[in-house]
Amino acid sequence: MDEIVNPNRYLERMSKPLQEKLKVAKFIPEGTKTVLDVGCADGTVTLALAEMYPEIKFVGIDLNKEFIEDAKIKAAGKTNVSFENVYLRERLSNPERFDVVLFCSVLHEFYSYGEGISTVVKALADAHEILKKNGRLIIRDMILYDYAGKSQLWVKEMKEKVTVKGEIAHLLADFETIFGETVSVKQLNHFLLKYMYGDNWEREGRENYVPVSFEEYDQIFKLLGMMVLFQRSSTIPYLKEKWRTDFGFADSELESFRSTGIIAAKKL
Ligand SMILES: C[S@@+](CC[C@H](N)C(=O)[O-])C[C@H]1O[C@@H](n2cnc3c(N)ncnc32)[C@H](O)[C@@H]1O
C-alpha cells in the first residue's frame, strides 16, 4: 500500500463524516455478540460503535501499524473493544468466528492498493469464512450502479457543466487519462466524488473510489451463496449542496449522482 503522506489529515478526513458512518449501526442485528471491523484505521468508528453497544465485543483490524497503535491508546480501559495489526486472512487461523463483519470505507482501498477485483473477492470470501452461520456482512463504501438509465448526450451536457469550472478542468483531464473518457453517469459521478481533493491529487486521483458496482456485489454474493438483505445508495447532504453550488445542477440532475452505498448480506 502507498505510504500515507499526511496520516493526521487522512485520519481527520476519515473521522469527519462519523455520524454518517454510524448509520451502519442499524444493520447490526439484535442478539449480536461479536463484530469484526476490517480496516478500522485509528478505531474512530469501532470505538463509537463499542460505546453505542456495550454488550457487544468489537475487534478492529488494520494493516497500518501506527493507526492500530493509536486505536489501542484510545481503547485503554475499555473492556468491549480491542485492536490488532493483522490482515483479515491472518485472522482466519484464529478459531474465533463473528456475528458481524463490517467493511466501512475500506473495500475501494483493498481494490486500489491490492490486486484489484481479486483482492475484493478474496476479502469477501475471507469475511464469509470468518462469519458464523447466519452471520451478517455489512459494507459501507462509495458504491454506484453500473446502470443509471441516462443517455450519453445527458452525460455530455452534465460534463460540460463541470468543465465550465476552469480550475478543475486539469483534474478531469488527468482523471480521464487514468480511467478513460467520461461517457457514463458512473464515470462522471466518480469524478464528482474526488475533484475536491486536488491538494492530495497524487494519491486520490489514482485511487478507484467506485471499483465495484452494486451489480457486481450482487454477483459476488451470489457466488458466495450469501443472501443480500439490504442495498441502498444515497448522497450525503453536504455533497449534494456542494455539487449544486459548484456546478449549478438542478434537483432532477442531482438525483442521478450518489455518494454512499450500504449493503447488508447474510451467510446462509
Ligand atoms: C479509508 S480508511 C477507513 C477507516 C475506517 N473504517 C472508517 O470508516 O473511518 C481505510 C483503512 O483500510 C485500511 N486497509 C486498506 N487495505 C487493507 C487491507 N488489505 N487489510 C486491512 N486494512 C486495510 C487502511 O490502512 C485504512 O486504515
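The values are calculated or read from the model by the stated rules, or taken from the named source; none is laboratory data. Note that the coordinates shown come from a computational prediction; the quantities given were computed from them, not determined experimentally. Here the Cβ positions follow ideal geometry from the backbone for every residue, glycine too, while neighbour counts run over all protein chains shown.
Among the residues in region 133-154, are any within 16 Å of the ligand (Cβ to nearest atom), touching a Lys or Arg at 6+ places or on another chain (Cβ under 9 Å), aliphatic (A, V, I, L, M) and outside any strand (DSSP E or B)? The answer is yes; a qualifying residue exists. Residues considered: 174, 146. Of these, the only one that is of a type in the set (D, E, K, R), surrounded by fewer than 17 Cβ atoms within 10 Å (Cβ to Cβ) and over 30 Å from residue 27 (Cβ atoms) is 174. With respect to (1) more than 22 Å from residue 235 (Cα to Cα); (2) more than 24 Å from the chain's Cα centre (by Cα), the lone exception for residue 150 is condition (1).
One line per residue, one yes/no per condition, for (1) modelled with pLDDT of 95 or more; (2) surrounded by fewer than 17 Cβ atoms within 10 Å (Cβ to Cβ); (3) among the basic types (Lys, Arg); (4) closer than 22 Å to residue 116 by Cβ:
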residue	(1), (2), (3), (4)
167	no, yes, no, no
190	yes, no, no, yes
213	yes, yes, no, yes
216	yes, yes, no, yes
225	yes, yes, no, no
253	yes, no, no, no
258	yes, no, yes, no
265	yes, no, no, yes
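Taken together, the residues in region 73-105 that are out of contact with any Ser or Thr (no Cβ under 7 Å at 6 or more places or on another chain), within 15 Å of residue 264 (Cα to Cα) and not hydroxyl-bearing (Ser, Thr, Tyr) amount to 4. Where helices (runs of 4 or more DSSP H) fall wholly inside region 172-268, the ranges with 1 or more residues that are under 23 Å from residue 157 (Cα atoms) are 185-192, 237-247, 251-254. Scan region 25-71 for residues that are buried (at least 17 other Cβ atoms within 10 Å of the Cβ), touching a strand residue (DSSP E or B) at 6+ places or on another chain (Cβ under 7 Å) and among the charged types (D, E, K, R) and the total you get is 2.
Highlighted here would be strands (runs of 3 or more DSSP E) found entirely within region 7-113 that include at least 2 residues which are near the ligand (Cβ under 10 Å from one of its atoms) and at pLDDT below 95, but there are none. Being of a type in the set (D, E, K, R) and crowded, with 16+ Cβ neighbours inside 10 Å is the requirement here; does residue 160 meet it? In short, no.
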